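Asks: Sending over a structure as structure tokens; questions will come in a sec.
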Amino acid sequence: MTDQQRAPIAAVGAGRMGRGVAIVFAYAGHPVRLIDVKNRPAEDFDRLAREAEVEIHGTLRMLVDLGLAPEGSVETIAARISVAGREEAAAALSDAAVIFEGVPETLEAKREAFDIVSAAAPADAIVASTTSTILADELQAMVSPPERFLNAHWLNPAYLVPLVELSPGAATDPAVVDRLKALLEGIGKVPVVCKASPGYIVPRIQALAMNEAARLVEEGVATPEDIDKATKYGFGFRFAVLGLLEFIDWGGGDILFYASRYMRDAMQDERFAAPKIVEDNMAAGRVGLSAKAGFLDYSDMDIDAYRKGRLAGFVDMLTMLGATKPPVL
């Protein structure tokens, strides 16, 4: 498939997120329009456009250095990205199949951007906000027609992190979600779908983990260096192979329940209490691998083969971290 046959993509907002999204799709062969919709003097736009081009070229050169792009590919990929100002926005949006909005996190800025998009983009173009803070239901009314809108939360750096969290609004057409999922999977991303909820999935979980790490320092439990070492070689090491809920099943939901109860009582803090779903799973006998049912279903699975596969993943992680040693014989 040639570049011309791939769907044109627009990134509205020429800041860090817009540039990252542009790189992702240009890398995958799509023509991309990076659009600055802010009212600014011509000389300021020219400076912004130069800065964007320098950053895009620099990022692509870094990907070459890291072995993710072949030598000599920078200009080919970068040439797929054009930078347009507000006056050129309508033309740049006129045939876009998917539009990612990445303007500043204010309702005023987003309403202005969506007014431009709604007026200029094809009626069947998908419109996705990359916001990390505003729920899809709050933004959906700004887009016409609203059925084509959803949030698509990328994790920085967008050109490296595979995950994209898709959060449809109440009026989003399910077919729109399916189309965007297929597009993202086609370029090597890993989309997940969640309800319109503060923090999506990853930011909500990581906020708790980061705050708890900071509390450990505050309480003098360990040094920042040892806490980071513990999370890298214990926490992060395992969760790079097992998902959090899969890990509960791996060890047993009952183990989590009793450990949580101990932590709650010892710390005198309800933040350590297990949620009701953990107790409900216990009551129903869904305690994890030992019962072949937990948060996930293992009923048709060869448990021994599954365990061996996950342990192989741990070995791969150990090798990557340089933490393996041969046995003493």
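Asks: Computed FRET efficiency, Cβ-Cβ of PHE247 and MET301, R0 25 Å: what is it to the nearest 0.05?
Replies: The pair PHE247/MET301 has a calculated efficiency of 0.95.
Asks: I'm checking a number: the convex hull volume of the Cα atoms of region 174-218, normalised per residue, in Å³. What is it?
Replies: 68
Asks: How high is the FRET efficiency between ALA222 and LYS276 when r is their beta carbon distance and R₀ equals 35 Å, given to the nearest 0.05?
Replies: Values: r = 31 Å, r/R0 = 0.90.
FRET efficiency, ALA222 to LYS276: 0.65.
Asks: With θ set to phi - 60°, apply the Karplus curve 6.51 cos²θ - 1.76 cosθ + 1.60 along region 295-305 and write out the HN-Hα couplings as whole Hz, x wherever there is a Gly or Pro.
Replies: 5, 10, 9, 10, 4, 9, 9, 7, 4, 5, 5
Asks: Whose amide H sits under 5 Å from the amide H of ALA11, counting only residues 5 or more places off or on another chain, with H placed in the peptide plane?
Replies: Under 5 Å from the amide H of ALA11 lie the amide H atoms of ARG33, LEU34, ILE35, PHE100, each far enough along the sequence or on another chain.
Asks: Within 10 Å of each residue's Cβ, count the other Cβ atoms and sort PHE295, PHE235 from fewest upward.
Replies: If I rank by nearby Cβ atoms, fewest first, I get PHE235, PHE295.
Asks: Between GLU185 and GLU88, how many nm apart are label points set 7 Å from Cα along the C-beta direction?
Replies: 3.5
Asks: Need one word for region 202-321: rounded, prolate or oblate. Basis is the Cα gyration tensor (sqrt eigenvalues a ≥ b ≥ c); a/c below 1.5 gives rounded, then a/b vs b/c decides.
Replies: Oblate shape, in that a/c is at least 1.5 and b/c is the bigger or equal ratio.
Asks: At most 13 other Cβ atoms within 10 Å plus a DSSP loop assignment makes a site exposed; report the longest stretch of the chain without any exposed GluC sites (Glu not before Pro). It would help to have the intermediate numbers written out before the result.
Replies: On the way: sites that count: GLU71, GLU105, GLU219.
In the chain, the maximal stretch lacking such sites is 106-218.
Asks: Kirkwood Rh over Cα pairs of region 12-76 into Stokes-Einstein at 4 °C, 1.567 mPa s: D in µm²/s?
Replies: Estimated diffusion coefficient is 103 µm²/s.
Asks: Longer than 25 Å from Cα to Cα, which of LYS229/LYS325; LYS38/LYS195; LYS181/LYS229; LYS195/LYS276 are they? Say none if no pair is. If you can, show how the numbers build up before the last one.
Replies: On the way: LYS229/LYS325 18 Å; LYS38/LYS195 30 Å; LYS181/LYS229 35 Å; LYS195/LYS276 20 Å.
With Cα atoms farther than 25 Å apart: LYS38/LYS195; LYS181/LYS229.
Asks: Could you work out the equivalent-ellipsoid semi-axes for the chain, taking the square root of 5 times each eigenvalue of the Cα gyration tensor, largest first, in whole Å?
Replies: Three semi-axes, in Å: 41, 25, 21.
Asks: Skipping prolines and chain starts, which residues have an amide H placed within reach, meaning under 5 Å, of the one on ALA293, given they are 5 or more residues away or on another chain?
Replies: Distant-sequence amide H within range of ALA293: VAL287, GLY288, TYR298.
Asks: Continuing with this model, one more query. Quick one: which residues, 5+ away or cross-chain, put their amide H under 5 Å from the amide H of VAL193? H built at 1.01 Å from N.
Replies: Placed amide hydrogens put LEU166 under 5 Å from VAL193.
Asks: Enter the mean projected area of the convex hull around the alpha-carbon atoms of region 64-208, in nm², rounded to one decimal.
Replies: Working: hull surface 38.5 nm².
Approximately 9.6 nm², given one-decimal rounding.
Values quoted throughout were computed directly from the atomic coordinates according to the rules given, and no laboratory measurement underlies them. Because the structure is predicted, anything quoted here is derived from the model rather than measured. Counting neighbours? That spans all protein chains shown, and the Cβs are built from the backbone with ideal geometry, glycine included.
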